[in-house]
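Bear in mind that the values in this text are calculations on the coordinates, not laboratory data. Note that this is a predicted model, so its numbers are computed, not measured. Using ideal geometry, Cβ is built from the backbone for each residue, glycine included, and neighbour counts are taken over all protein chains shown.
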Amino acid sequence: MSSAPKRPYSVEDFSELINSRLQRLESTQEARQRYGSLLAVLRQQVDSYRTRRAGGK
């Protein structure tokens, strides 16, 4: 039995998923207080990746 996903996900799919989850997390006060620095780093990484992808096309 394979643990592979039924449909292949592209890096762009994961980028969009991470971005939407980050936006949801950043909108909650508790998440900002507990994970503020981590959220900032993740946001920076996602934004940097998206900028590189946009520039590379």
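The structure-derived value of Rg/Rh (Cα atoms, Kirkwood Rh) appears in the list (1) 1.61; (2) 1.14; (3) 1.09 under the label (3).
Relative to the dominant Cα principal axis of the chain, helix 11-26 is inclined by about 20°. Where only DSSP H runs of four or more residues are counted, the chain gives -27000 deg cm²/dmol as its mean residue ellipticity at 222 nm, each run worth -39500 (n - 2.57).
Taking Lys and Arg as +1 and Asp and Glu as -1, the other residues whose beta-carbon sits under 14 Å from that of residue 46 total +1.
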